[in-house]
Amino acid sequence: MLFNQAGQATSAAATGGAGGDLVTETTTQTFMVDVIEESRTRPVLVDFWAPWCGPCKTLGPIIEKSVAATKGKVKLVKMNIDAHPAIAGKLGIQSIPTVYAFVNGQPVDGFMGALPEGQVNAFIERLVGGPADADVSEILAAGEVALSEGDVAAAGEIFAHVLAQEPDNLKAIGGLVRAQVQGEALDEARAILESVPADKQGDAAISAARAALELAEQAAELGDLVTLEAKLDLDPTDHQSRFDLAVGLNAKGRREQALIHLLDIVKRDRAWNEDGARKQLLQLFEAWGPTDPLTLSGRKKLSAILFA
């Protein structure tokens with residue numbers, strides 16, 4: 001990083017040096033375009049710095065060199081937090097230098113402090129490279145496993161890693177949305193879905209992600225699950241409380257219990273609420289995916305009830 005006489009950073013792009021448009025400055029007003037929108041096409045590193053920060057001056061040339069070595073796969077954006085403190089405040093940044101990596105409009109990784117060149121290179125390689133011989137389908141499968149085990153952070157990182165290489169990978173987009181949903185970041189999930197082109201909205205992965213989001217939004221409007229369970233204890237034929245409890249249980253990751261409650265309603269009174277329990281089951285199956293073991297067993301149990 002170069003510093004002018006006023007002590008302010010000037011990127012390689014600003015000075016006409018190596019790196020070109022791979023290194024730029026941003027402001028609060030241009031952050032959306034410089035970082036959020038740009039990160040939908042390639043990973044963007046945001047270096048939060050200040051003129052008085054010694055370690056920032058150490059990290060600057062290291063991270064610029066590392067980004068230049070990617071030959072366009074990664075962009076570096078610098079933000080002076082003294083001049084533009086709002087974004088750093090929203091991200092909860094308390095010390096600098098801090099670097100955030102954005103992919104597909106979301107922060108997916110980061111580090112603090114003036115790391116040595118080797119660690120900076122490893123950070124960037126992890127962001128754009130991943131396992132040398134791993135097939136994308138294998139990486140996506142690992143993301144699904146992490147999600148099924150409730151490791152939302154790991155799942156989000158895996159899907160974001162795929163998107164760093166393939167920004168239009170619909171399975172990765174859908175996986176990232178479902179990770180956000182499971183992490184209760186519903187606004188972020190909705191924003192990702194809205195960014196999907198209209199002609200791709202019908203894709204199975206996107207439909208599953210949308211179903212998961214809709215179910216989570218539905219659950220957010222419910223009351224306390226303990227109260228619903230108490231109502232059922234008093235009246236096992238209270239289908240509305242059982243239905244609401246199933247929606248809430250699914251949102252908490254207790255999917256098998258949700259399935260049991262909805263199947264119970266179908267068995268007791270299929271016509272209830274205009275076939276509402278069966279329709280809710282179909283939405284669950286869509287959100288879980290056609291090959292999910294619980295989807296497969298749930299469909300068999302539903303068929304057994306319907307055709308008994």
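Quick one: is Val177 without any contact (Cβ under 8 Å) to a residue 40 or more places away in the chain, among the β-branched types (Val, Ile, Thr) and assigned to a loop (DSSP other than H, G, I, E, B)?
no
Taking Thr28 as the residue in question, decide whether it is at pLDDT 85 or above, out of contact with any His (no Cβ under 7 Å at 6 or more places or on another chain) and of a type in the set (Ser, Thr, Tyr). Write out each step before concluding.
Details: at pLDDT 85 or above: yes; out of contact with any His (no Cβ under 7 Å at 6 or more places or on another chain): no; of a type in the set (Ser, Thr, Tyr): yes.
So Thr28 fails the test.
A quick yes/no check of all residues on (1) more than 25 Å from Ala141 (Cα to Cα); (2) surrounded by fewer than 20 Cβ atoms within 10 Å (Cβ to Cβ); (3) out of contact with any His (no Cβ under 9 Å at 6 or more places or on another chain):
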| residue | (1), (2), (3) |
| --- | --- |
| Ala209 | no, no, yes |
| Leu222 | yes, yes, yes |
| Asn273 | yes, yes, no |
| Gly276 | yes, yes, no |
| Lys279 | yes, yes, yes |
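Out of Glu229, Glu274, I need the residue that is assigned to a loop (DSSP other than H, G, I, E, B) and free of Cβ contacts under 8 Å to residues at least 60 places away in the same chain. Which one? Walk me through how you get there before you give the answer.
Details: Glu229 fails: assigned to a loop (DSSP other than H, G, I, E, B).
Within the list Glu229, Glu274, the selection yields Glu274.
Please go through segment 88-127 and pick out each residue that is modelled with pLDDT under 85 and among the hydrophobic types (A, V, I, L, M, F, W, C).
Leu91, Val108, Ala122, Leu127, listed by residue number.
Cβ-Cβ under 7 Å, sequence separation 6+ or interchain: first residue in segment 280-308 and in contact (Cβ under 8 Å) with a residue 40 or more places away in the chain, partner of a type outside the set (Asp, Glu) and surrounded by fewer than 19 Cβ atoms within 10 Å (Cβ to Cβ). Which pairs?
Glu286/Ser207; Trp288/Leu294; Ile305/Lys267
Mind checking which pairs have a first residue in segment 142-154 that is outside the structural domain of Ala251 (by TED's automatic domain parsing) and a second that is charged (D, E, K, R), Cβ under 8 Å, 6 or more apart or different chains?
Leu147/Arg178
Of all the residues that make up segment 156-182, how many are within 17 Å of Lys252 (Cβ to Cβ) and at pLDDT below 90? Before you say what the answer is, go through the steps one by one.
Step one: list which residues in segment 156-182 are within 17 Å of Lys252 (Cβ to Cβ), which gives 178-182.
Now restrict to residues that are at pLDDT below 90: 182.
Counting residues in segment 156-182 that are within 17 Å of Lys252 (Cβ to Cβ) and at pLDDT below 90 gives 1.
The values are calculated or read from the model by the stated rules, or taken from the named source; none is laboratory data. Since we're looking at a predicted model, the values are computed, not measured. Virtual Cβ from ideal backbone geometry, glycine too; neighbours counted across all protein chains shown.
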